[in-house]
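The values are calculated or read from the model by the stated rules, or taken from the named source; none is laboratory data. On a predicted model such as this, the values are computed, not experimentally measured, just so you know. Cβ placement follows ideal geometry from the backbone for every residue including glycine, while neighbour counts extend to all protein chains displayed. Please note that ligands, DNA and RNA were not included when accessible areas were found on the heavy atoms of the full protein model with its side chains. Shrake-Rupley method; radii C 1.70, N 1.55, O 1.52, S 1.80 Å.
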Amino acid sequence: GPDVTTQDLKPAGKENPSNVSVYEIVLSGVSGSPLERNISVASPTKVELSCKLDKNSQIKNPQVTWKKGSDTISHTTKSENSWSIQVTILDSSQLGSYSCILKGKQEISAVFHLQVPKIEGKDKPIITYEGDAAVMVCKTDYIPIAWTWYMTNGSKQVAINDSMPAKKYVINRQSANATRLKVLQLTKEDGGLYWCEATFQLGKSKGKLELKVLSIMAPLKPFVAIVAEVVIFVTTIFLYEWYSKKKEKRAGDEREFDQIERL
Amino acid sequence: GQRKEDEEPEAPAAGKSRGTKGAAGGWAWGVVFHFFLVNVLVMGMLKTFGIFFVAFREEVGGSSEQVSWIGSIMSSLRFLGAPLVSVVCQRLGERPTSILGAGLVAGGCLLSTQATSVPFLCFSMGFLLGLGFSCLYQAAAVMTAKRCRARLAFCNALARSGMGLTFLMAPFTQLLIESYGWQGTLLIFGGIMLNLVPSSMLLRPISTHLPRGPAGIQDQGALTAKKDLESPGGCSDGSTPRESQLHSAQEAPSTERPVLPHGRDASAPANPSALGRLEKPTPESSWLETSTEATRSSKAPKKKPSQPLLDFSPLKDPIFFIFTWSFLFSHLAYFVPFFHLVARARTLGMSSRDGSYLVAVAGITETLSQLLSGWVADHDWTKKYHLHVTHLLLCGATNLLGPLATTFPLLLAYTVAFAAFCGGFMALVLPVLVDLVGVEKLHSYLGFAAFFAGIAAMGGPPLAGWLYDYTQTYVCSFLFAGACALLSPISFCFEPAAQKWKLKKANL
């Protein structure tokens, strides 16, 4: 059936000499939910978006419209079974969702989402302990101009910059496309959501990380419980052995005494 | 007069021997339980290392290769540390060694929580844990051999079935890491490993905890014997019923200390009844047993062992080479297919869920076949190593036919067959060694055999990986494993010849 994939689509491999990346969606002619593609654009470039009709589809000679949002785009190119548009992206206003709608007996469509690159943070919370240091890393596939870190204070997002105590936060740029925030001397208040924001030429993009600060008592409680259980076992076995040794010694002594008497 | 004295001590001796036999039987199950627990925890720790691997890479830093050293050191030291551990065991006894091992493991886990770099972890988690594991393993294995004379194969298989439970450790570890982070998880693991201390206390030493009752009877026997006849013949006559009772009661004392006999002229070809349990009694071991009886009866304080620190005698013994050759190749044959089973399923187009299903089936089949093989071996319908060899040959044949399995049902059939035969021969490794060398020298033999097996275990996975890289197919891994499994029983063909050679050498 129709698939709704939302992965980043890398250029289809065809790069024209004028450095235009071509992205293509193939439509099968079965109507259903629209096919979608996410395209990451970091810096101003030209892209060509094309919708191709599958050879085996039922629709013949459809009427094709390209839309950005709700506005129709007029400059479309048609080749044998594909319709395409060229988009020159200079700033963030050119980013958005571009859709091609094929109207035949049924209406099928595909959508291209042009957006700034996504930042990968961490899905699972990072667990650290009080007094320890936490390291948070944000990575992306493209090279941003700058990185900014935010921490959430209540419901507000507060930027981590030089106004913050220098001994607490250390930010360094690990490589061109990664940034690292180190938070030292953690306290319970340091837990919560952290955001790393990458500034690209075409806009900003955020990644989310969650930090959990546990007190040392948290894992210590089960540990102490287990140690207590171990100590109980050890003492029980020890007492049992000591008791049975005493009993045998007493029995042995008695028997020896009897035998010596008899002798 | 004398007969009356003989009768009266006889009755309580019989009662006492029955009582201690019951107690000894109970303690045997305790030892099996401890060995089972060791298998569960040690194997579980080794298998869940992969989960820690990810956490270490992210938070402690270091490349993939560096972090995998920790795991390699941990699993290889488990085998390589065996000779050293066997020396410690012989000096201190099994129980202290086992407690030491448990302490090392728990301490290593706790120390690792403070780790900040990979070399630190290599020491605290790799070295300490590996050494602790080998202490635990050696002590538990030898103690099982000493306690479960009659049903060694079954008890061994029962203890090894603990490895089948390790699949529970993985989701448990994952849960702990998500709740507490890797440091908290290691802390809790340290506590869990501490549980091995009370279970180690179940490894009651056989000789030192001799109840003084039968020792008193022994004295009585000695006194009566001495009273009647001072000749060696009289001694052995008078003490034969006592000794045999004692032997059945305590399942034969087994100290390797060649303590000098004290005032008793023990005859070398001693009681065949007492040594009936030992399948291949060597003249040395019988000498040791009677001499230790002598010392106990005369209540002489135990002399300090005059044994060399590291007993290299196994290396001069052809039986050792026979066993180690077989052990080495059978381990190679065991590990390699398991590593590559899931990958092979994947290359044949099956989903990873099918792959994990295969692994689960393999685990269950192996456990069941271990138990069955152990039970059958204990009936002594044939020599244990014949069964061992049969399992190995069938395993080799299965592996050679393995590449023919290209669909899921065929692969499943291969997995079941392979796991069944593997379980069969794995369960018999310890009983076969006990058959070949007896329990007294088990420590040094097992130590050195484990050392050589450790070298094989270290080289096995990289070798398998290299085979795959070179041939670009997993077929070779299975052929290699089949070849190893077929090579390994070859050495047993030389076993009768080696025994004859040994006897000839001993009689010279």
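General remarks:
- Cα-based helix-to-principal-axis angle, A:217-262 vs chain A, degrees rounded to 10: 30
- Amide H contacts of A:I73: A:W66, A:K67, A:K68, each under 5 Å away and 5 or more positions distant or on a separate chain (H built 1.01 Å from N in the peptide plane; Pro and chain starts excluded).
- With the convex hull drawn around the C-alpha atoms of region A:122-215, the volume per residue stands at 98 Å³.
- For the set A:S244, A:S97, A:S74, solvent exposure ranked by accessible area (probe 1.4 Å, protein chains only) runs largest to smallest as A:S74, A:S97, A:S244.
- For region B:91-180, the alpha-carbon radius of gyration amounts to 1.32 times the rule-of-thumb value 2.2 N^0.38 Å expected for a compact globular protein.
- Among beta bridges identified by DSSP and lying wholly in chain A, the antiparallel ones come to about 75 percent.
- Cα centroid separation, region B:347-401 to region B:37-93 (Å): 26
- Taking 25 Å as the limit for the C-alpha separation, the pairs A:K156/A:K206; A:K168/A:K221; A:K212/B:K47; A:K55/A:K105; A:K52/A:K103 exceed it in the case of A:K168/A:K221; A:K212/B:K47.
- Amide H contacts under 5 Å for A:V26, placed H, 5+ residues apart: A:K52
- Taking all protein chains together and rolling a 1.4 Å probe, A:T45 ends up with roughly 40 Å² accessible.
- Counting heavy atoms of the protein chains alone, B:Y385 has an accessible area of about 20 Å² for a 1.4 Å probe.
- Residue among A:S79, A:S215, A:S28 with the largest mean-square fluctuation in a Gaussian network model of chain A, springs linking Cα atoms under 10 Å: A:S79
- Over chain A, DSSP H runs of length four or greater, each weighted -39,500 (n - 2.57), average out per residue to a 222 nm ellipticity of -6500 deg cm²/dmol.
- Average accessible area per residue (Å²) across region A:21-115 - probe 1.4 Å, nucleic acids and ligands excluded: 52
- Chain A, relative contact order [Cα under 8 Å, separation at least 6], %: 16
- Taken about its Cα centre, region B:28-204 carries a charge dipole of roughly 940 debye when the Cβ of each Lys and Arg holds +1 and the Cβ of each Asp and Glu holds -1.
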